[in-house]
Amino acid sequence: MAEQTQNRSNMITEGVIWKQLLYFFFPIMLGTFFQQLYNTADAVIVGNFLGSRALAAVGGSTELLIQLVTGFFVGISSGAGVIISQYYGAGKIRSLKQATHTALLIALAGGIFFTLAGLLAAPWALKAMGTPEEIMTDAMTYLRVYSLGMIPVLLYNMGAGILRAVGNSRTPMYLLIICCILNVFLDLLFVAVFRWGVFGAALATAMTQTASAVLVMASLLTTKDVYRIELKGTHFSPAFLRNILWIGLPVGLQSVMYSFSNVILQSNINSFGTDTIAAWTVFSKIDGIFWMIQNSLGIAITTFVGQNFGAGKYDRVGKSVQVGLAMSVIICLGICPLFLIFRRPLYGFFLDDPQVIQLGVYMMGWMVPTYITYAGIEVLSGTIRGTGETIKPLLITCTGICLMRIIWVSLMLPRFRDIRVIIFSYPISWLITTGMFLFYYKKGKWRRQMDAAAAGKEETPWI
């Protein structure tokens, strides 16, 4: 094959599966941990220096709207990652280069669009979610300043996705460690020293995101590997644009639907008052540790499956699922006791409001034991996406998680005015979604196509 290379920088398609998966997973997990840490730094510093109202302003509705936008684009990035990982695994270097250049231009265009949308739509979006008037001004300030950093946010996510897709999970980790330290320093400088309030917290985050984008682009421009970005060759390729969007749009829409269901839940949480909003904001930061580990596993599985699928090593696809499921269960069993034992000190790290802390401890006591019901979702959905099939995971997630949560809360909350109604919507939706993913993993069209390709009856689909 003329396009193939003989010297690739990772061994995802070879070696002992559990060792290779762990070797690839841990840098992703550590990098995501530091990303979560620098996102959490705003909440910790704002909560301690500015109080629970300001904390509610930078969390709650504001945080969900940011997740809605970034989650959609991370879905597009994952579509590019699937394409790139398959081309890299198959050794199709010319196609790899065209896909990476197209992906980065998508990020640039998306950043411009979402910057304008964030600046113009912030007041309407916050009011639509029922954000209390007492925190509206700070929430709008944070959201608008954050929007100014959307171009670097999207460039970083796409660049990091390219690096992970080719098996380089260490560089994004190093970059996030650097940026985490920078963000904490800027947060303390702007909020604690300069007393710039919520504006300072948002500015620190936007500046840090710019630094992360510059660093990831520098890595892509200076690497000696075959995925190096060359500015002279940067142009849109309509064919690769279609391929990226064909896979990425369903993943992005899946994230949007996921976030939309959370927006509905947040709107109901807002009706319980500022203390509950603050408690839920802190809970989401602590809870984010669990999600960042599970999401990292999902990213690792998607890339692992994508490269082996592209290389035609279908036996490694099935074995990686078994390893991934075991890892996911171990993660749940390890985190749950720690969260339950240390939930009060964890809340105390964010703020010193006794009423908010008590609410948060109560929330964690009900939610954390249900984490095990989520164990299979990231692994199974990541496997299916890694083969290039993204429509069915979208439909399964929208039905099992998004629709079921909205139905549950709409029916039960008017009858039982209790925060537990919202909490219970999570494990109920996870159990339903896990069952649907298990069925499709065993019986779906993607599995039949892969089995046929493994038997030599047809060429590898999608690449």
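The values are calculated or read from the model by the stated rules, or taken from the named source; none is laboratory data. The model shown is predicted, which means the values in this text are computed figures rather than measured ones. Note that we place each Cβ from the backbone using ideal geometry, even for glycine, and neighbour counts take in every protein chain shown. The accessibility values were calculated without ligands, DNA or RNA, using every heavy atom of the protein model including side chains. Shrake-Rupley method; radii C 1.70, N 1.55, O 1.52, S 1.80 Å.
In table form, for the structure just shown:
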item	result
Restraint check, K313/K445; K19/K97; K92/K313; K313/K392; K92/K232, Cα-Cα greater than 27 Å	K19/K97
5 angstrom amide H check on V166, placed H, neighbours 5+ away	none
Karplus (6.51, -1.76, 1.60) ³J(HN,Hα), θ = phi - 60°, over the range 386-398, in Hz, Gly and Pro reported as x	x, 8, x, 9, 10, 5, 5, x, 4, 5, 5, 5, 4
Helix-only CD estimate at 222 nm, as mean residue ellipticity for the chain, using -39500 (n - 2.57) per DSSP H run (n ≥ 4)	-27000 deg cm²/dmol
Percentage relative contact order, the chain, counting C-alpha pairs under 8 Å, at least six apart	24
Modelled FRET efficiency - R0 41 Å, L188 with K313, Cβ distances, 0.05 increments	0.25
D_trans [Stokes-Einstein, Kirkwood Rh over alpha-carbon pairs] for the range 241-334, 25 °C, 0.890 mPa s, µm² s⁻¹	152
Label-point gap, in nm, between L395 and F113 - each point 7 angstrom along Cα→Cβ	2.5
Between the range 19-78 and the range 369-420, the Cα center-to-center distance that results, in Å	20
Over the chain: Rg over Rh, Cα atoms, Kirkwood Rh	0.96
Separation in nanometres of the label points that stand 7 Å from Cα toward Cβ, at T137 and V329	5.5
Under the Karplus curve 6.51 cos²θ - 1.76 cosθ + 1.60, θ = phi - 60°, whole-Hz ³J(HN,Hα) for the range 315-322, x wherever Gly or Pro sits	5, 6, 5, x, 5, 5, 5, 4
Rg and Dmax [Cα atoms of the range 61-165; Å; Rg one decimal, Dmax integer]	16.6, 57
FRET efficiency for S271 and L340, using Cβ-Cβ distance with R0 set to 35 Å, rounded to 0.05	0.80
Peptide ranges 378-391, 295-308 listed from the most packed, as the mean C-beta count within 10 angstrom indicates	295-308, 378-391
Spread of Cα-to-Cα distances over 10 Å intervals beginning at zero, given as percent, for the range 202-249	21, 30, 39, 11
Only Lys, Arg (+1) and Asp, Glu (-1) charged, at Cβ; the range 339-449 dipole about Cα centre in debye	620
1.4 Å probe accessible area per residue over the range 50-199, in Å²	35
Binned Cα-Cα distance frequencies in the range 54-105 - 5 Å width, integer %	4, 19, 19, 14, 11, 9, 9, 8, 5, 2, 0
Residue-by-residue Karplus 3J(HN,Hα) for the range 101-115, coefficients 6.51, -1.76, 1.60, Hz, glycine and proline x	5, 5, 4, 5, 5, 4, 4, 5, 5, x, x, 4, 4, 6, 5
Sulfur and carbon atoms: percent of accessible area, the range 321-437 [1.4 Å]	73
